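I have placed the structure first, in the form of structure tokens, so that the comments after it can refer back to it.
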Amino acid sequence: MKLNRWDRAGIAVYVALNMLALAFVFACAIAPDIARSAGASFADMMERCLVLRLALIAACVTLAVFICSRAWSLVHGGGKSVAAADAPVELSSDEGGSVQVSQAALESLVRRAVGSVGGTEQYEVRVARDGDRLNVKLEASVRQGTPIPELAQAARESVRRTLESMAGVTVEDVALLVTEIVPETAAPKPPSAAGQS
């Protein structure tokens, strides 16, 4: 799923707030005088216990690296490494050889299968491997008036049938997320009787 600008802004705000909190704790650990703004007992504890200060410094650095790396992977890779997402799927062969099918080829098969169903305007496809089975996630815009349960069932059957017959893989799950209901386009009006002679 692609992140829109509001998702990215939310992630940026979340990271900024967490980094500010970590910066304050880090500053308190480095200079206990700053800790007086958080309370006298906290400042006294920070001045007396060097081990606590060192533990806070280590925790702050570790959390900062974790938060930044996680935010980076969410924004730029959806939480998955690029190598794992693009890894081809190994297909078994009765002849003893091996065949690999790329993620792009599998996603193309899914697009064709969904396109043959009708009722969808735009859709995104994500194919994930779970052992020797595939999980397919579809995000689609659906035309207004299309019965969504029937569309979902038809899409599931079409995707499963296409992948199992053409690629020889087992499909564990086909999930459909309707992201938008698109209004029907106005049908062209028939010519009026007054304009005909």
request  = With a ≥ b ≥ c taken as the square roots of the eigenvalues of the C-alpha gyration tensor of the stretch 108-191, please select rounded if a/c is under 1.5 and otherwise prolate if a/b is larger than b/c or oblate if it is not?
outcome  = prolate
key: Cut-off 12 Å between beta-carbons: net charge of the residues surrounding Ala27, Lys and Arg +1, Asp and Glu -1   = +1
ask   = By per-residue mean of other Cβ atoms within 10 Å, what is the highest-first order of 123-130, 31-38?
value = 123-130, 31-38
inquiry  = If I stretch the segment between Val75 and Leu63 completely, what's the gain in nm (0.36 nm per residue apart, minus their alpha carbon distance), one decimal?
reply    = 2.5 nm
request  = Just add up the charged neighbours of Ala40: K/R +1, D/E -1, any other residue whose Cβ is under 13 Å from the Cβ of Ala40.
outcome  = -1
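Just so you know, all these numbers are worked out from the coordinates, no wet-lab data involved. Small disclaimer: the values here were computed from a predicted structure and weren't measured. Heads up, the Cβs are rebuilt from the backbone with ideal geometry, glycines too, and the neighbour counts pull from every protein chain shown.
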